[in-house]
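I have placed the structure first, in the form of structure tokens, so that the comments after it can refer back to it.
The values are calculated or read from the model by the stated rules, or taken from the named source; none is laboratory data. As the structure is a computational prediction, the values presented were derived from the model and not from experiment. Here Cβ is always computed from backbone atoms with ideal geometry, including for glycine, and neighbour counts include all displayed protein chains.
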Amino acid sequence: MIIFGLLWLGLFGAEAALSQNSAASSSLSDASPTVSIQKYGTIRGGRSEYIDTVYNFKNIPYAGAPTGAERWKHPPHPTPWTGIRDATVFGPPCPQPGVSNYSEDCLGLNVWTPGNATFNDVTNSSTGQAGVVPSKTNSRYPVYVWIHGGRFTGGSSSDSLYDGSGLAKKGVIVVNMNYRLGALGFLAHPELSANSTSGTSGNYGLVDQQAALHWTYENIASFGGDPSRITIGGQSAGAASVLDHLNSALATGLFNQVIAESGATYPSNPLIGSLAQSYRHLREAEQEGASFLKSLNISSIEEARAAPVELLLAGSSLNDNIYERTVFQNDSAYMEPPLFRPVLDGYVLPTTYEEMLRRGNHSIVPVLTGVNKDENGASPSPDFDVSNYTSLRNQEFGSVGLANEFFRLYPAGANSTTAGESSNAFYRDQSRVSTCLWANEYLAGSFLNTSSNGTYSTYTYYWTHAPPGQDQGAYHMSEINYAFNNLYATDRPWTQEDYKIASVMSDYWVNYIRTGSPNGKGLAYWPQNSINSSMIMELGDGWGIRPIASKERISFIRHWFSEWPAY
């Protein structure tokens, strides 16, 4: 898909003027704006609870309830409504353990808009395009569609961590959604596959997300958004979902670029199995699904569709055992993934990550991705002494003949402090190298894809700032509040420095969403990756480009990756 970078800049510069002049523009004095959703009905939203110059529309159905006979099917279309539907209260989360107010009728999304976005300023398409298109006076704000994380077993779009008001205030329309989780979202089964038109099963949570992307593409113009400028983003399982859509033919044309926070992983990094990009192969997943239902004394899909949802939630706490009886089984960094997660089915997910990178057969769009300092094995308080560090690393690296080289580059030293420092140095090097190699391979594959007429680029980052009031450092998820510019939504002892970091971080995100480049006035320059990049952009405690690791360590980690099967 062609990204019209210069056109984007021009459109954005005109957005404010257009919206002020349009008769269809919302009024900042209007506390309850209405928007008509083509084919379905009218909704009434309200002001953001945090920023009163931002509007919010909550729990808009993008699909019907996937219940009864609709369980483990592509989500049905929403049912049209009469009158004006209230859109001022978040919908219930999808079923998951530890939550009491869930509902299977959970496939709704939320929209945050700038206060001067033009509502209902659209025209029916006469070009064959689905849905509606912006009129000449529409505000045409860029759109950011966010997919929440949670290991594909938990999470909700109503979490205040994902509040979109801070980005909307900066000129972005933000959309997020619920999607099916756990066994309800990722059960594969021979009977389900046999009765589907694709001959596959297991990726219902991903097709929910794609239904939400279709809804956004078809309807966002009614909220003052530009359907030709849609960025999809997510963190952890949300990032893995984003990358899955990048590879899925079913999502072609529904977005223009992506943001994957924690984040793209090199396919032969052995840690990938414990990260959100882990997947199962279809036949294996079908047998696991059959065994799961049998353990519940359920003998058919018909019975499973009639079973109470509480019975099926047991599957959300099940883990796979991919590292059991391997050299990684005693390493806490290699956390066993949830059993119910995406499936390499040849339909939603066409082939392995390695193959997709190699041949470049994916949506060719810009990608911004990165990792955090204290995740993927690294920690401010690593639990190692010289003895267990030496034993564990001998087991892992000795298994492929790399122990001597590992200890030369990452020595145990004389005490627990030095052993912990070396452990962190390796895991952090591994994360940065893994991200950078993925970006390099993505660019190489895109370049070789002669069918692509798109614009593609990659930007990679390394988040280093530890939020206040905790001892986990720059932990997994710690960048989200800053990227969303919504420190107001989370109860922490924020400092002026934190607000400054959030302002800069979100400026990078807004610039990228708006133009395809994170760079802008007053910001440290963030260069694109090249096919042979070995640099990464630090964000947080510093703002600038830095090496991913020393040349010797990069060479070692590349060798380490080459010893393992690729996803």
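Scan segment 50-65 for residues that are in a loop (DSSP other than H, G, I, E, B) and touching a helix residue (DSSP H, G or I) at 6+ places or on another chain (Cβ under 8 Å) and the total you get is 5. Can we say residue 137 is in contact with an Asp or Glu (Cβ under 9 Å, 6 or more places away or on another chain), among the polar types (S, T, N, Q) and not in a strand (DSSP E or B)? Yes, satisfied. If you go through segment 352-379 and keep only what is surrounded by fewer than 23 Cβ atoms within 10 Å (Cβ to Cβ) and either touching an Asp or Glu at 6+ places or on another chain (Cβ under 6 Å) or free of Cβ contacts under 8 Å to residues at least 60 places away in the same chain (or both), you end up with just 355.
Residue 494 fulfils the conditions (1) within 28 Å of residue 140 (Cβ to Cβ); (2) part of a loop (DSSP other than H, G, I, E, B) except for a single criterion, (1).
Selection of first residues in segment 212-224 that are on the phi > 0 side of the Ramachandran plot and of second residues that are among the aliphatic types (A, V, I, L, M), restricted to Cβ pairs under 8 Å at least 6 apart or on distinct chains, gives the following pairs, ordered by first then second residue: 224/117; 224/173.
Does segment 278-301 contain at least one residue that is in contact with a helix residue (DSSP H, G or I) (Cβ under 6 Å, 6 or more places away or on another chain), under 20 Å from residue 350 (Cα atoms), outside any helix (DSSP H, G or I) and not small (Gly, Ala, Ser)? No, every residue in segment 278-301 fails to be in contact with a helix residue (DSSP H, G or I) (Cβ under 6 Å, 6 or more places away or on another chain), under 20 Å from residue 350 (Cα atoms), outside any helix (DSSP H, G or I) and not small (Gly, Ala, Ser). The set of residues from segment 505-532 being crowded, with 16+ Cβ neighbours inside 10 Å, free of Cβ contacts under 8 Å to residues at least 60 places away in the same chain and of a type outside the set (Phe, Trp, Tyr) comprises 505, 511, 519. Would you confirm whether or not segment 163-183 contains a residue that is small (Gly, Ala, Ser) and without any contact (Cβ under 8 Å) to a residue 40 or more places away in the chain? The answer is no; no qualifying residue exists. Within segment 341-367, the set of residues being over 19 Å from residue 239 (Cβ atoms), of a type in the set (Asp, Glu) and not in a loop (DSSP other than H, G, I, E, B) comprises 355 only. Restricting attention to segment 66-78, which residues are assigned to a loop (DSSP other than H, G, I, E, B) and without any contact (Cβ under 8 Å) to a residue 24 or more places away in the chain? Hits for segment 66-78 are 76, 77.
Table: residues versus (1) more than 14 Å from residue 429 (Cβ to Cβ); (2) among the polar types (S, T, N, Q).
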{"site": "528", "(1), (2)": "yes, yes"}
{"site": "532", "(1), (2)": "yes, yes"}
{"site": "536", "(1), (2)": "no, no"}
{"site": "543", "(1), (2)": "yes, no"}
{"site": "546", "(1), (2)": "no, no"}
{"site": "556", "(1), (2)": "no, no"}
{"site": "559", "(1), (2)": "no, no"}
{"site": "563", "(1), (2)": "yes, no"}
{"site": "566", "(1), (2)": "yes, no"}
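If you scan segment 259-269, which residues turn out to be surrounded by 23 or more Cβ atoms within 10 Å (Cβ to Cβ) and either not charged (D, E, K, R) or not in a strand (DSSP E or B) (or both)? Of everything in segment 259-269, those that are surrounded by 23 or more Cβ atoms within 10 Å (Cβ to Cβ) and either not charged (D, E, K, R) or not in a strand (DSSP E or B) (or both) turn out to be 259, 260, 262, 263, 264, 265, 266, 267, 269. Quick one: is residue 263 modelled with pLDDT under 95 and touching a strand residue (DSSP E or B) at 6+ places or on another chain (Cβ under 6 Å)? So residue 263 passes the test.
Residue 321 meets all of the listed conditions (1) of a type outside the set (A, V, I, L, M, F, W, C); (2) free of Cβ contacts under 8 Å to residues at least 40 places away in the same chain; (3) part of a helix (DSSP H, G or I) but one, namely (3). When you check residue 227 against the structure, is it outside any helix (DSSP H, G or I), of a type outside the set (Val, Ile, Thr) and touching a Lys or Arg at 6+ places or on another chain (Cβ under 6 Å), yes or no? In short, no. Screening residue 498 with (1) over 27 Å from residue 149 (Cα atoms); (2) of a type in the set (D, E, K, R); (3) in contact with a Leu (Cβ under 8 Å, 6 or more places away or on another chain) gives one miss only, at (1). Scanning segment 533-567 for residues that are in a helix (DSSP H, G or I) and among the aliphatic types (A, V, I, L, M), which turns out surrounded by the most Cβ atoms within 10 Å (Cβ to Cβ)? Checking each candidate, the answer is 557. Taken over segment 385-404, the criterion of being within 16 Å of residue 271 (Cα to Cα) and of a type in the set (Ser, Thr, Tyr) is satisfied by 399 alone. A residue that is under 30 Å from residue 185 (Cα atoms) and β-branched (Val, Ile, Thr) occurs nowhere in segment 390-407.
For segment 189-209, filtering for residues that are at negative phi and either under 22 Å from the mean Cα position of the chain (by Cα) or of a type in the set (Ser, Thr, Tyr) (or both) leaves 13.
Is it the case, given these coordinates, that residue 442 is touching a residue at least 60 places away in the same chain (Cβ under 8 Å) and among the hydroxyl-bearing types (Ser, Thr, Tyr)? It is true that residue 442 is touching a residue at least 60 places away in the same chain (Cβ under 8 Å) and among the hydroxyl-bearing types (Ser, Thr, Tyr).
Okay, residues lined up against (1) free of Cβ contacts under 8 Å to residues at least 60 places away in the same chain; (2) of a type outside the set (Ser, Thr, Tyr):
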residue: 399; (1), (2): no, no
residue: 412; (1), (2): yes, yes
residue: 415; (1), (2): yes, yes
residue: 436; (1), (2): no, yes
residue: 448; (1), (2): no, yes
residue: 459; (1), (2): no, no
residue: 463; (1), (2): no, yes
residue: 482; (1), (2): yes, no
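Which members of segment 104-125 meet the condition of being in contact (Cβ under 8 Å) with a residue 24 or more places away in the chain and either among the basic types (Lys, Arg) or in a loop (DSSP other than H, G, I, E, B) (or both)? Within segment 104-125, 104, 105, 106, 107, 115, 116, 117, 119, 120, 121 meet the criteria. Take the conditions farther than 21 Å from residue 164 by Cβ and in contact with a His (Cβ under 6 Å, 6 or more places away or on another chain) and apply them to residue 541. Does it pass? So residue 541 passes the test.
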